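Laboratory data are not the source of any read-out in this text; all were calculated from the coordinates shown. Source: prediction; values computed, not measured. With ideal geometry, Cβ positions are generated from the backbone for all residues, glycine too; neighbour counts draw on all protein chains shown.
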Amino acid sequence: MIVSQLKPLQEILGYLNGERSVFIVGCKGCAEVCHTGDEAQVLDMKQKLEQEGKAVTGYCVIDFLCDKALVKMRLMAHQSEIQAADSLLVMTCGIGVQAVAAVVNKLVHPAANTINMGGSRGEWRGAERCRECGDCVLDMTAGICPLTACTKGLLNGPCGGAKDGRCEVEPEVRECGWHLIYERLNKLGRLDKMTGRPVLKDYRKMMPPKELRSTLMWALEQQETKV
Amino acid sequence: MTLREKLGSGKFVVTAEVGPAKGVDTHEFLENVELLKNRVDAINCTDQQSAVMRLGSLAGCYLIRQKGGEPIFQMTCRDRNRIALQSDLLNAYVFGIENVLCLTGDFVTLGDHPDAKPVFDLDSVSLLYAAKQLEQGKDLAGKDLTGAPRFFLGACVTPGAEPLEPQLLKMERKVKAGAKFFQTQAVYEPKKFETFMKEARKFGVPVLVGIVLLRSAAMARFMNKNVAGIHVPDELIAEMDRAENKLQKGVEIAARLIREMKDMCQGVHIMAIGLESKVPAILDAAGL
Ligand code: SF4
Ligand code: SF4
């Protein structure tokens, strides 16, 4: 199971700064078990955002957000609501956020931090990957994880090594992750996200919190006893 | 005058790089320093260039200083985490080294220890930021320092990158993080450099155009194929092919490039890669 934890509301509101409306996507997979993206959490988030003056154009809770084909199909039914929104807030793990970002033509914000994947990649079929960094930065990278898409895991933009959109390391097989990020941000008209303050990672957060650091089974049990 | 003062006064500045030996025989290194120190305004010392393990940049800069040259300490983020990087910045300062060129660094698999663990805890931008913090008497953890260092911080940019925009965005980020001068990747196309400078000028920081000495047509073809952001145009390759004395031709081309781009920027940075003895000849031919 992939363990994720909701980000503080203030951080999410920071992402939505300057935006008026948002479409929320939830997940009935692992995120339901962790209570980061089930229907109740989505409705709770909707209410909180509305209280903060944001318009929620709609929401959708999908069985497995890590299943890109399914995500694409299910979101089709909400096209007009998504079009009406400035951005999407995705309440699930890093893979789910990246899967949504890959199929919509909008800026996507992560609502959760991915803490532990327990060796699982969910229903992952695509290129999106997550390193369970515990402090998701997908908001500033248009939903492409720089920790995994960039060979060096750079957080502040491309190194000088990209050539024709390929990485300096094994260009035959690797695209430059930052080139992909640049292209998507450019398409979304949000290149300003590439010139922000320097970002440093807190590598402590890479270690799952003590309560989750035991076995996967144990993590699951913990979640169940909390229900 | 220091590099900071020279660039501040608007003087056209010349820098050149030297690479320390793979080992402890510093004979050739010191010879090169001796040769360059009165011909150039500052000497860069590379940091495990191309991820090849060798004598370090800090030791190299110390030796340059001892010989009376002005060193530029190149630092990459590939081999050290934020603790070691900050510490080496402090080390540099107490050795009298003020100029620091903050780089991300080539990936480990490009070098001679491809099995090493890559670090990249920081990158060029966050390294600049760390140095700025230290100048303010604080480290990255927010802890107070006893005595704050002072640096003249630089960074690198690739004017020939395609597309150019990501490079410019990153350059902007580096300027915001504290970069006060730029040394560029090698340029062989003055037209492209002109386009770049039109955009880069708005940042208001001095740019030193990078010149890599060509030694053969094969070297040019190799760079075109393998080095990001470097493009040697066909005419130059043909010129090298035709030349009888390749090295002399390389010197001539380097000098010509400098003359063509001199008025577009604030200085030139020469990378002779093992042929440092040719740097004075390039400068003579370029009229510098
Ligand atoms: S930034 Fe990347 S590694 Fe970190 S949680 Fe998000 S997707 Fe996962
Ligand atoms: S070329 Fe691109 S993907 Fe490769 S290390 Fe540099 S920024 Fe990262």
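Subtracting the Cα-Cα distance of B:LYS143 and B:PHE12 from their residue separation scaled by 0.36 nm leaves 43.2 nm. Dimensions of the protein assembly as shown based on its C-alpha atoms, expressed as ranges along the principal axes with the largest first, amount to 76, 52, 41 Å.
Dipole size of chain B about its Cα centre, with +1 on Lys/Arg Cβ and -1 on Asp/Glu Cβ: approximately 600 debye, rounded to the nearest 20. Kirkwood analysis of the Cα pair distances in region A:1-139 returns a hydrodynamic radius of 14.3 Å. Taken about its Cα centre, region A:61-173 carries a charge dipole of about 140 debye when Lys and Arg each add +1 at the Cβ and Asp and Glu each add -1 at the Cβ.
Once backbone amide H atoms are built at 1.01 Å from N, B:VAL212 has B:VAL187, B:MET271 as its partners under 5 Å, excluding neighbours fewer than 5 places away on the same chain. With contacts taken as Cα pairs under 8 Å at a separation of at least 6 residues, region A:1-139 carries a relative contact order of 31 percent. Helical runs assigned H by DSSP (4 residues or longer) give chain B a calculated mean residue ellipticity at 222 nm of -12500 deg cm²/dmol, each run adding -39500 (n - 2.57) before division by the residue total. Counting only DSSP beta bridges with both residues in chain B, the antiparallel share comes to about 5 percent.
Based on C-alpha pairs under 8 angstrom that are at least 6 apart in sequence, region B:207-247 has a relative contact order of 43 percent. Relative contact order of region B:20-168: 20 percent, from C-alpha pairs under 8 Å at least 6 residues apart in sequence. Have a look at A:VAL103, A:CYS60, A:VAL137 and report the one farthest towards the positive end of the charge dipole of region A:39-141, computed about the Cα centre with Cβ charges (Lys/Arg +1, Asp/Glu -1). Sorting the options by dipole projection puts first A:VAL103. Taking every residue in A:149-156 and counting other chain Cβ atoms within 10 Å of its Cβ, the average works out to 6. Springs between alpha-carbon atoms under 10 Å, Gaussian network over chain A: tell me which of A:ASP139, A:ASP44, A:ASP86 tops the mean-square fluctuations. Evaluated over chain A, the most mobile residue of the options is A:ASP44.
Out of A:ALA111, A:ALA102, A:ALA55, any idea which swings most in a Gaussian network model of chain A, alpha carbons joined below 10 Å? Looking only at A:ALA111, A:ALA102, A:ALA55, the biggest GNM fluctuation is shown by A:ALA55.
In debye, nearest 20, what is the charge dipole magnitude of region B:21-70 about its Cα centre with +1 on Lys and Arg Cβ and -1 on Asp and Glu Cβ, if you could check?
The dipole of region B:21-70 has a size of about 60 debye.
Karplus-derived 3J(HN,Hα) values for region B:146-161, using 6.51 cos²θ - 1.76 cosθ + 1.60 with θ = phi - 60°, are 8, x, 9, x, 9, 10, 10, 8, x, 8, 10, 8, 10, x, x, 5 Hz; glycine and proline are entered as x.
With a simple spin-label model that places each label point 7 Å from the Cα along the Cα-to-Cβ direction, the separation between B:LYS117 and A:GLN47 comes to 4.7 nm. Remark: region A:181-188, residue by residue, has Karplus-estimated 3J(HN,Hα) of 4, 4, 4, 6, 5, 4, 4, 8 Hz, where x stands for each Gly or Pro and the curve is 6.51 cos²θ - 1.76 cosθ + 1.60 at θ = phi - 60°. Derived scalar couplings between HN and Hα for region B:87-93 equal 4, 5, 5, 5, 4, 4, 4 Hz in order, rounded to whole Hz, by the Karplus curve 6.51 cos²θ - 1.76 cosθ + 1.60 (θ = phi - 60°), x for Gly and Pro. For B:ALA21, nonlocal amide neighbours, meaning residues 5 or more places apart or on other chains whose placed amide H falls under 5 Å from its own, are B:LEU55. Packing order of peptides B:190-201, B:168-179, highest average first: B:168-179, B:190-201 (average count of other Cβ atoms within 10 Å over each peptide's residues). Between B:PHE152 and B:ASN99, B:VAL100, the built amide H atoms are under 5 Å apart, and every one of these is 5 or more places off in sequence or on another chain. For region B:154-213 versus region B:214-267, the spacing of their alpha-carbon centroids is 19 Å. Counting only residues at least eight positions apart within a chain, or on another chain, the lysines with an alpha carbon under 20 Å from that of B:LYS37 are B:LYS6, B:LYS11, B:LYS67, B:LYS278. Think of it as helices only: each DSSP H run of n ≥ 4 in chain A is worth -39500 (n - 2.57), and spread over all residues that comes to -9000 deg cm²/dmol at 222 nm.
Counting only other chain Cβ atoms within 10 Å of each residue's Cβ, the peptide A:189-195 averages 3. Cross-link reach is defined here as a Cα-Cα straight distance under 20 Å, omitting same-chain residues fewer than 8 places apart; for B:LYS132 the lysines meeting it are A:LYS201, B:LYS143, B:LYS170, B:LYS174, B:LYS176, B:LYS180.
Partner shielding of B:167-174 amounts to 6, given as the average count of beta-carbon atoms from other chains within 10 Å of each residue beta-carbon.
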